[in-house]
Amino acid sequence: MEPIIELNEVSKVFKNKMAVDQVSFSIQKGEIVAILGPNGAGKTTTMMMMLGLLEPTKGSVRVFGKDPKEKSVREKIGALLQEVSVIDALKVREVIHLFRSYYPQPLSFEELVAFTGFTKDELQKRANKLSGGQKRRLGFALAMAGSPDVLFFDEPTVGMDVTSRKLFWNTVTELKDRGKTILFTTHYLQEADDIGERVILFHEGKIISDGTPKSIKARLLTQVVSFTPIHTLNMQEIRNIPHVTDVYEKDGRLYALTDNTDMVLAALFKRNLPIQNIEIERGRLEDAFEQLVEKREAM
Ligand SMILES: Nc1ncnc2c1ncn2[C@@H]1O[C@H](COP(=O)(O)OP(=O)(O)OP(=O)(O)O)[C@@H](O)[C@H]1O
Ligand SMILES: [Mg+2]
C-alpha cells in the first residue's frame with residue numbers, strides 16, 4: 001500500500017541551527033500519529049515541511065506521492081497550526097464562509113459550526129475578540145473546511161478548557177473512525193498515550209523512538225524494587241544482581257532500579273538476603289519521559 005505521507009532523510013537547517021536532522025518515516029491511510037517531544041525538538045518544523053510551508057534543506061517529503069505544495073494535495077489536507085492568525089476584522093461566521101469558499105467540496109456551514117461548539121452569539125463576534133481557547137476551536141473548524149482526508153494539528157489543545165479538550169478529542173476519534181489520517185504534536189506523553197496509536201518521539205531534531213505508546217512506555221519506564229534490610233547489607237551485592245541498573249538508599253530503605261522486577265525478586269529470594277517489606281513500584285510516565293530526554297543529553 002502506498003503511504004499517504006513519506007519523509008526520506010529530511011533535514012532542515014536555519015542559519016547554523018539544525019532544527020530537523022535526517023528524519024525518515026511514513027504514514028499510512030487511517031493512522032493517528034502523535035509527534036511527541038520537548039520545546040525546540042523540531043515538531044513544528046517537521047509539520048511545516050509536510051504541509052509544504054517550509055522547504056527541506058535536504059531529503060524529500062511526499063504527500064499522496066506528490067510535492068505537498070501542489071494544489072491537488074493542498075485541497076486534501078487541513079491544518080491547525082501552532083500560531084493561528086485568523087483574519088481579525090471578520091466575524092466568526094464570515095471567516096467560516098470565507099474558508100469554505102477556498103475548497104471545491106467544502107463541508108456545510110452547519111457542520112463546521114458544530115466543530116467549534118459556538119453559540120449564535122459567538123458566531124457574531126469578531127475573530128480577534130475570541131479567547132485563546134475559542135480561537136483554537138475556530139482554527140479546528142477552519143482546518144475541517146475542505147473536508148480533508150489528512151489532518152495536521154500542531155499542539156491543538158493548548159489553551160482549551162477541559163470541556164473543549166474533551167469535545168476536541170472525541171471529534172478527532174470520530175474523524176479517525178471515518179478513515180481520516182491524523183497527525184498531531186504534543187508535549188505530553190499522556191496525551192499521546194490516550195489518543196495516539198503510534199507515537200513518534202522527537203528530541204533535538206531527531207527521531208529517538210517510533211512505536212506504539214505501549215512499546216515506548218515499556219522502554220521508558222524504570223521500575224523499582226525496594227525493601228528494608230533487617231541488618232546491614234552490602235550494597236554491592238545488590239548492585240551485582242543482573243538487571244539491577246542502580247541502587248540507592250533513602251530513609252532506611254534500599255531502592256533497586258531495574259527493567260525486570262521478576263528477575264530481581266527471584267535473585268533476592270535465591271540469595272536469601274536479610275530483607276523485609278518488599279515493594280514494587282512502576283515509574284510515572286512523565287518522569288520516564290524526562291529521564292529519556294535527560295539520558296540523551298548525557299550521552
Ligand atoms: N524560522 C526559524 N529560524 C531559526 N530557527 C528556527 C526557526 N524555526 C524554528 N527554529 C529553531 O528550530 C528548532 C526546532 O523548532 P520547532 O519550532 O520545530 O520546535 P518544536 O518541537 O515545535 O517546539 P515547541 O514544542 O516549542 O513548539 C528550535 O531550536 C528553533 O529555535
Ligand atoms: Mg512547535
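Where a number appears in this text, it was derived from the coordinates with a stated rule and is not lab data. Given the structure is predicted, the values throughout are model-derived calculations rather than measurements. Please note: Cβ atoms are built from the backbone with ideal geometry, for glycine as well, and neighbour counts cover all protein chains shown.
Annotations
- Spherically averaged projected area of the range 125-254 from its Cα convex hull (nm²): 13.1 nm²
- The angle between the Cα long axis of helix 285-298 and the longest principal axis of the Cα atoms of the chain comes to about 80 degrees, rounded to the nearest 10.
- Burial ranking of peptide ranges 191-198, 136-143, 148-155, 109-116 (average Cβ count within 10 Å, highest at the top): 136-143, 148-155, 191-198, 109-116
- Local electrostatic count at SER11 - Lys and Arg +1, Asp and Glu -1, tallied over other residues with Cβ under 13 Å: 0
- Summarising the label geometry, the points placed 7 Å from Cα in the beta-carbon direction at ASP121 and LYS91 lie 1.5 nm from one another.
- Pair-distance profile P(r), taking every C-alpha pair of the range 1-55, with 10 angstrom steps and integer %: 21, 56, 20, 3
- With the Kirkwood sum run over all distinct C-alpha pairs, the chain has a hydrodynamic radius of 21.8 Å.
- Note, ³J(HN,Hα) from phi for the range 19-36, Karplus 6.51, -1.76, 1.60, rounded to Hz, x at Gly and Pro: 7, 9, 10, 6, 9, 10, 6, 9, 10, 8, 4, x, 6, 10, 10, 9, 9, 10
- Degrees, to the nearest 10: 92-101 long Cα axis against longest axis of the chain: 80 degrees
- Close amide H partners of LYS12, meaning residues 5 or more places away or on another chain with modelled amide H under 5 Å apart, are ALA19, VAL20, ASP21, GLN22, THR57.
- Neighbour cut-off at most 11 other Cβ (10 Å), DSSP loop, trypsin sites (Lys or Arg not before Pro), the range 14-48: LYS15
- Cα shape, the range 107-200, gyration tensor, a/c 1.5 rule: oblate
- As a calculated quantity, the FRET efficiency between LYS214 and LYS69 at R0 = 35 Å, using C-beta atoms, amounts to about 0.45.
- Listed by Cβ neighbour count within 10 Å, with the fewest neighbours leading, GLU2, GLU31 appear as GLU2, GLU31.
- Phi angles of the range 261-272 translate, via the Karplus equation with coefficients 6.51, -1.76, 1.60 and θ = phi - 60°, into HN-Hα couplings of 5, 4, 5, 5, 4, 4, 5, 4, 5, 4, 7, 6 Hz per residue; Gly and Pro are given as x.
- Calculated from backbone phi, Karplus (6.51, -1.76, 1.60) coupling profile of the range 188-193 in Hz, x at Gly/Pro: 9, 4, 4, 5, 4, 5
- Interchain or long-range residues, amide H under 5 Å from ALA79's placed H: PHE152
- Over the range 84-176, relative contact order from alpha-carbon pairs under 8 Å, at least 6 apart, %: 34 percent
- Fewest-first ranking of MET263, MET144, using other Cβ atoms within 10 Å as the exposure measure: MET263, MET144
- Once both labels are positioned 7 Å from their Cα atoms along Cα-to-Cβ, the gap between THR228 and PHE269 label points is 2.2 nm.
- Each Lys and Arg contributes +1 and each Asp and Glu -1, all at the Cβ; summed about the Cα centre of the chain, the dipole is approximately 700 debye.
- Separation of the MET235 and GLU174 label points, Cα + 7 Å toward Cβ, nm: 5.7 nm
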